[in-house]
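The values are calculated or read from the model by the stated rules, or taken from the named source; none is laboratory data. The structure presented is a predicted model; accordingly, all values stated were derived computationally and were not measured. Ideal geometry is used to build each Cβ from the backbone, glycine not excepted, and the neighbour counts take in all protein chains shown.
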Amino acid sequence: MIGLKRGTVKLLKPKAIWKQSFEREKVKLKKVFGKDLIDIQHIGSTAITGISAKPIIDIGLTAPFLERAKKYIPKLKKIGYNLKIEDRKDRLFFTKGTAKKRTHYLHIGEVGSDYIEGMVLFRNYLNRNKATSKEYAELKDKLAKQYPEERYIYAAKKKEFIESIVKKLKGDITS
């Protein structure tokens with residue numbers, strides 16, 4: 001299953017369809033962006049091996065410049081992506097699917113920004129470190145039970161865990 005009602009939290013055990021869905025979207029997004037696509041990654045919990053996740057596929061796309069990426073907004077709309085956040089200097093954020101069934105989140109950052117890099121670092125670290133992955137999964141399960149109808153609170157409460165890992169990893173990189 002892919003998709004979840006907007007604002008809700010329901011975690012599912014890992015599904016092969018999550019990777020397959022990412023791969024299908026990747027092909028579509030490569031066609032849209034062409035030479036203006038630097039990198040595209042499956043991010044978020046559906047990209048972390050062995051943990052439960054909301055069945056919404058997060059995609060991280062890196063473009064040469066965010067301003068240049070904005071010219072693709074109409075083409076993205078044609079393939080189902082609706083712009084949600086444009087007022088930040090570091091990213092563009094799109095959703096795919098209706099409010100009753102959000103299926104994909106598209107995060108666009110530019111080369112050199114920490115926005116996509118942090119999500120990729122976090123995913124890679126959890127895929128290599130099972131103890132930390134288990135700790136994150138347990139936190140998510142606990143929060144999902146506490147906040148099944150309040151995704152904003154769920155996301156905010158796990159953000160501290162994510163940021164602490166990313167900060168540690170970036171410190172390791174610069175050391």
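Residues of the stretch 29-40 that are surrounded by fewer than 14 Cβ atoms within 10 Å (Cβ to Cβ) and more than 15 Å from the chain's Cα centre (by Cα): 30, 31, 34, 35. Taking the numbered list (1) closer than 16 Å to residue 11 by Cβ; (2) modelled with pLDDT of 95 or more in turn, residue 130 passes all entries but (1). Test residue 66 against the stated conditions and say whether it is over 25 Å from residue 49 (Cβ atoms), crowded, with 19+ Cβ neighbours inside 10 Å, modelled with pLDDT under 95 and not small (Gly, Ala, Ser). So residue 66 fits the description; yes.
Each row is one residue, and each column tells you yes or no for (1) buried (at least 19 other Cβ atoms within 10 Å of the Cβ); (2) closer than 30 Å to residue 32 by Cα; (3) touching a residue at least 12 places away in the same chain (Cβ under 8 Å); (4) in contact with a Ser or Thr (Cβ under 9 Å, 6 or more places away or on another chain).
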| position | (1), (2), (3), (4) |
| --- | --- |
| 99 | no, yes, yes, no |
| 109 | yes, yes, yes, yes |
| 139 | no, no, yes, no |
| 145 | no, no, no, no |
| 149 | no, no, yes, yes |
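Taken together, the residues in the stretch 41-50 that are buried (at least 20 other Cβ atoms within 10 Å of the Cβ) and not in a helix (DSSP H, G or I) amount to 5.
Just to be sure I understand, how many residues within the stretch 1-40 are assigned to a helix (DSSP H, G or I) and of a type in the set (Val, Ile, Thr)? Adding up the residues that qualify gives 3.
Restricted to the stretch 119-175, and to residues that are closer than 21 Å to residue 91 by Cβ and among the acidic types (Asp, Glu), which residue is farthest from the chain's Cα centre (by Cα)? Looking at the filtered set, the residue picked out is 160. As a summary of the residue check, residue 117 satisfies the conditions (1) among the acidic types (Asp, Glu); (2) closer than 19 Å to residue 159 by Cβ; (3) exposed (fewer than 14 other Cβ atoms within 10 Å of the Cβ) except for the one numbered (3).
One residue is enough: does the stretch 74-94 have a residue meeting the conditions part of a strand (DSSP E or B), of a type in the set (Val, Ile, Thr) and within 15 Å of residue 26 (Cα to Cα)?
No, that holds for no residue.
Just one of the listed residues (45, 21) is farther than 25 Å from residue 153 by Cα, at pLDDT 95 or above and among the hydroxyl-bearing types (Ser, Thr, Tyr), and it is 21.
Residues in the stretch 122-135 that are surrounded by fewer than 20 Cβ atoms within 10 Å (Cβ to Cβ), in contact (Cβ under 8 Å) with a residue 24 or more places away in the chain and closer than 24 Å to residue 40 by Cα: 125, 127, 133. Which ones in the stretch 109-136 are closer than 21 Å to residue 151 by Cα and assigned to a strand (DSSP E or B)? Selection gives nothing. Taking residue 59 as the residue in question, decide whether it is surrounded by 20 or more Cβ atoms within 10 Å (Cβ to Cβ), at pLDDT 95 or above and outside any loop (DSSP other than H, G, I, E, B). So residue 59 passes the test. Number of residues in the stretch 36-89 that are touching a residue at least 24 places away in the same chain (Cβ under 8 Å), closer than 18 Å to residue 114 by Cα and in contact with a strand residue (DSSP E or B) (Cβ under 6 Å, 6 or more places away or on another chain) equals 14.
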